[in-house]
Amino acid sequence: MAQHDANAFLADFRHALNDCRKLYLDAGQKIVTEYPNLIQGQGATFVQKMDNLHKALLVKVYITICEADRHWSHHEQRLAEILFQHAWDRQLEGESLREAVREVAKKSTTLRWYSLIRPFDQIAPLREDISRLETVVLRVANIIARADGSPLPNVLTHIKHLQNQLTQNLRYIPIDEPSQHAEADKLRGQAIAKVEHEASRVRTQCELAEEPALQESQKSREERLQEALAKLDALIGLDNIKREVHTLINFLKIQKERARAGLSQTVLSLHMVFNGNPGTGKTTVARILGQIFGAMDILEKGHVIETDRSGLVAEYAGQTGPKTNKKIDEANGGVLFIDEAYSLVASEGEDPFGHEAVQTLLKRMEDSRDRVVVILAGYPDQMNALLASNPGLSSRFSRQLSFTDYTPSELCRIFDRMCRANEYRLLAPARVKLMLGLDWLYTHRDRHFGNGRTVRNIFEHSIRRLADRIAEIQDLTRDHLTIIEQEDIEFVGRSVLPSGSDPTKRDPFQHVRTCLADFDPSDPARELAALFVNLDDTSRRFAVRCPGCQQVSHVPQTYLCRRVVCKKCQQSFTVDWGEIIKK
């Protein structure tokens, strides 16, 4: 293997290991953020245990593939060095490395595959990441298998066995029916306990080094504030929201300075209303605001508790008040984010339980105004009706932020960011299909359009389709594992097609060139599918914006993924996305 190829090969391995770690850490953080009641405040510990599971999984994959040919080559030793540096933060060489590999090889046989991937099977919110898990594990396995060139047949057999282990143990089972949620909650609680037990066992079996102290606690408040602001500014779109938040932060900073100078301060309510359709970034901004308030010492912790009507309103008289108080207690020192808050009060008829929740909330907002920030979120019209229904609400929620729908170009960039974060790439044909499809969905959107959620659904569906497409390829390359082709991108399903379409119909894009006539003319899917018949139409043009001078130019489709030079400012840039020029 040439030196250049070897360096690229080792870099691919490091990237794959980091992707696996990110997947597990993100999953752990999701439980900490969205289901803190299941881990009883031990958030950092749970994330750490998920990290332990990912390390053991990587070790088991490495040992499984390396033992297939019963020969430990020089290139496999280099991979072991990188793996030990990644998992243990230790630089091992020579005999120390060989002894460490022998030891973990012996102990990894006692670790079951299912123990290491259980969270993604039994914790329902993590099931949407199953395809990512399968992809990254097979990617690691194939890199190890290719360490000495083309893998031998027995190595391929071991990879196939590993793939079967994943397929048999991981089941993508979306929970749609209300009757399934109670069982899912029970299963999720059991899985949390098993994850904690198995992660502790992993530490014992593999003798993982003690984790370093969490860096977050060592950061200054100013560093934490700047990190939170950087997250806010990095969000795609939402320019008006960013301005509002920066203005609020500047005001709070001035108030702190006035307090230090002994001057009077202006009392400002931090309770807010987020108006916007689904998937427009409301929950994301609420989490960032919690981090900002925590860093500025406005709130003690800055954590975010997310809930809705079901988390506040009980089924029987006398239970709503205590239930609402309990949820507010969970948010003490942080932010209480109430999604679809308009449902707290029924639009028609009497709703004594909902009114009781609102009254309890108003009282606690007054009593705990320095300890809890409440954010109500929902559709603009319904939120206005909610505020008008109770003078107490309108007086306490004077700050309203409007989250507008993302434009087609912004939706494409959200998809692109997901690809980059997960080590996937899009070539020009796939980009064209994505732009056409998202532009059509945006044009035909109603208030139920999912915005960023729709993009995430399409992305995750694409990853699953990619995994199915390459499943039978024996010698997988990096391109196979990272390039999303146009056939992987599909615009179907209840969360993607508009409300007028029928998602129970067969896949409208299978053999689309020959079966368009079979569609019901009134089916919106027919119009959408027709857009993809001629993706290589060279007459199609896009409006692109120069990142330097912001000059907008119209360029042909053939310019996608190519570098161009702006005629106005002479800056070169790559044409990645654009707005479709309608004919």
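Read-outs throughout are calculated quantities, based only on the coordinates presented, and are distinct from any laboratory measurement. These figures come from a predicted structure and were not determined experimentally. Here Cβ is always computed from backbone atoms with ideal geometry, including for glycine, and neighbour counts include all displayed protein chains.
For the reader, a short list of remarks on this structure follows.
- Flagged links, alpha-carbon separation over 19 Å, of Lys242/Lys282; Lys323/Lys363; Lys433/Lys582; Lys30/Lys282; Lys49/Lys327: Lys49/Lys327
- Label sites at Gln85 and Glu485, each approximated as a point 7 angstrom past Cα along Cα to Cβ, lie 3.5 nm apart.
- Where N is the number of residues in the range 312-426, Cα Rg divided by 2.2 N^0.38 Å: 1.35
- Computed P(r) (all Cα pairs; the range 220-403; 5 Å bins; percent): 1, 8, 16, 20, 20, 15, 9, 5, 3, 1, 0
- Sorted by Cβ neighbour density within 10 Å, fewest at the top, the residues Ser73, Ser343, Ser462: Ser73, Ser343, Ser462
- Listed peptides 294-301, 392-399 appear in the order 294-301, 392-399 once ranked by packing, highest mean of other Cβ atoms within 10 Å at the front.
- Per-pair calculated FRET efficiency, R0 = 30 Å: Ser394 and Tyr316 via Cβ, rounded to 0.05: 0.50
- Calculated P(r) of the range 351-414 - Cα pairs past 15 Å, %: 62
- Size of the range 537-583 from its Cα atoms: along the principal axes, largest to smallest, the extents are 29, 18, 15 Å.
- The peptide list 449-456, 316-323, put in order of mean Cβ contacts within 10 Å with the highest first, becomes 449-456, 316-323.
- For the range 268-315 versus the range 413-451, the gap between their alpha-carbon centres in whole angstrom: 27
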